[in-house]
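Following: one structure in structure tokens, then a few remarks.
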Amino acid sequence: MTSSFLRKSGVVFGAFLVATFIIGVAGALQSPTLSRFLSFEVGADPRLVGAFYSINALASIIGSYLLAKYSDNKGDRRKIVIFCCLMGLANSLTFAFSRNYYVLITLGVFFAALASAAMPQIFAMAREYAEKSGRNAVAFNSLIRAQLSLAWVIGPPLSFALAIKYGFTIMYLCAMSMFIISMIVVAIYLPPIEKKVISSFTANELAVANQSIFTNRNVMCLLISTIFMWTANMMYIIDMPIYVETVLHLSDSLPGGLMGLAAGIEIPIMIIAGYLVPVFGKRNLFFIAIICGILFYIGMILFKDSTMLYVLQLFNGLFIGIVANIGIIYFQDLLPTRMGVASTLFNNGIICSVILAGIIQGFVSQAYGHEVIYWIGLVMVTISFLFCALVKK
């Protein structure tokens, strides 16, 4: 019986990894080339491209949050993930065969908003499965989160290769095939997972966990901390390639090398951090990560040569690798009866950060220069540290 359980447990674990990776690749195929698609295939001007990104992000926040609330109340997460993949399939088909901007910003965005809930629901399922099967929930999440990062290492270059060599229709059809495979894996290999029994919580825990997220001080402080740290990171990602070339006058291939090195550091850090939680605790690891982030932005302000920029990626990788993994678990711990909402809050915090980073970077770099971006990033990460300190143990 024990060997049978282990085999079954291994299959489910493998299915989580495969589903996360394939859904991640599907998203990583579509996002990097979206601006190019809208500009060259659809013929949208820069204002329409910017409007598309903003509306798409806002719709994703709303759609994923509504599905999260439904899933926590009465939904079967497995069926919801399959539904989200089906919406991703419909979105891919819409983009593959339509070049009408207004069709894409209405029908396409609607499908994308519902598809965006897939990944938070996967993480919520994984947490519930880990607790039910007696696994180390944080380490289990770490391995799954690493699959998503790996998907984003592979997806973007594959996206550009497919779009440039074969065209956008083929690229979107490839994304569609990923969603089909994901639906099959989830439907066949992931079991229905019962939510945690309410009676296992104390009355005080239930009262705190079930209060509105807007009145839950811990949740709001962690959300604000998350938004500040991710906004700083997104500003860096947007600005750094331009800063390196136009201000530092370094090689135009350097930004790719810096991002690749950071991604390569992040993946093992995510996995290692999961096993360090019992030693240091989630809160302390968060502090360590944010301190690494502060050191990274200080370094970006002080150092101008390529060697030191490569060295700084160690701090960048530690910063993002830890918060990307531990952050979602931290939210789930604060909302133990609402895993879907908790996972979605973390995800939506990142989406909000993308919107804010784009606005701030565009305005500030044009008005005051690129160097100011890294001072703002330093201030934001410091504020993130202060809000994280307000979250009780």
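The values are calculated or read from the model by the stated rules, or taken from the named source; none is laboratory data. Computed from a predicted model, the values in this text were never measured in an experiment. Ideal geometry is used to build each Cβ from the backbone, glycine not excepted, and the neighbour counts take in all protein chains shown. For accessibility, only protein heavy atoms count, side chains too; no ligands or nucleic acids. Shrake-Rupley method; radii C 1.70, N 1.55, O 1.52, S 1.80 Å.
Which peptide among 26-33, 166-173 comes first, and what is the full order, when sorted by highest mean count of other Cβ atoms within 10 Å?
Numbers: 26-33: 21.8, 166-173: 17.6.
Put in order of decreasing packing, that is 26-33, 166-173.
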- Item | Carbon plus sulfur fraction of accessible area for the chain, probe 1.4 Å, in percent | 70
- Charge dipole magnitude, Cβ of K and R +1, D and E -1 - the chain, Cα centre, debye nearest 20: 1160
- Volume per residue, Å³, of the convex hull around the alpha-carbon atoms of the range 82-185? 95
- Which shape class, rounded, prolate or oblate, goes with the range 333-393 when its Cα gyration tensor gives a ≥ b ≥ c as root eigenvalues, a/c under 1.5 marks rounded, and past that a/b bigger than b/c marks prolate? oblate
- Note on the structure: Taking a ≥ b ≥ c as the square roots of the Cα gyration tensor eigenvalues, with a/c under 1.5 meaning rounded and otherwise prolate when a/b beats b/c or oblate if not, the range 267-393 comes out oblate
- Message: Taking R0 as 41 Å, what FRET efficiency do you get between Ser98 and Lys74 from their Cβ-Cβ distance, rounded to the nearest 0.05?
- Response: 0.75
- Query: How far is the Cα center of the range 214-233 from the Cα center of the range 330-385, in Å?
  - Reply: 8
- Task: Determine how large the accessible area of Trp152 is when every protein chain is in place; take a 1.4 Å probe and give Å² rounded to the nearest 10.
- Result: 110
- Report, in order of residue number, the helices in the chain meeting two criteria: a C-alpha extent of 20 Å or more along the helix axis, and a mean Kyte-Doolittle hydropathy of at least -1.0; treat each whole DSSP H run as one helix. 2-30, 46-73, 77-97, 118-133, 137-166, 168-189, 217-242, 254-280, 282-302, 306-334, 339-368, 371-389
- Message: Please compute, for the alpha-carbon atoms of the chain, the extent along each of the three principal axes and give them in descending order in Å.
- Response: 63, 48, 41
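Want the number for Ile184 to Leu58: 0.36 nm per residue separation, take away the alpha-carbon distance, what's left?
Numbers: separation 126, 0.36 × 126 = 45.36 nm, distance 2.92 nm.
Result: 42.4 nm gained on full extension.
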- Message: Just to be sure I understand: with springs between alpha-carbon atoms less than 10 Å apart, which residue in Ala262, Ala161, Ala367 has the highest mean-square fluctuation in the Gaussian network model of the chain?
- Response: Ala367
- Message: Give me the 1.4 Å probe accessible area per residue for the chain, excluding ligands and nucleic acids, in Å².
- Response: 43
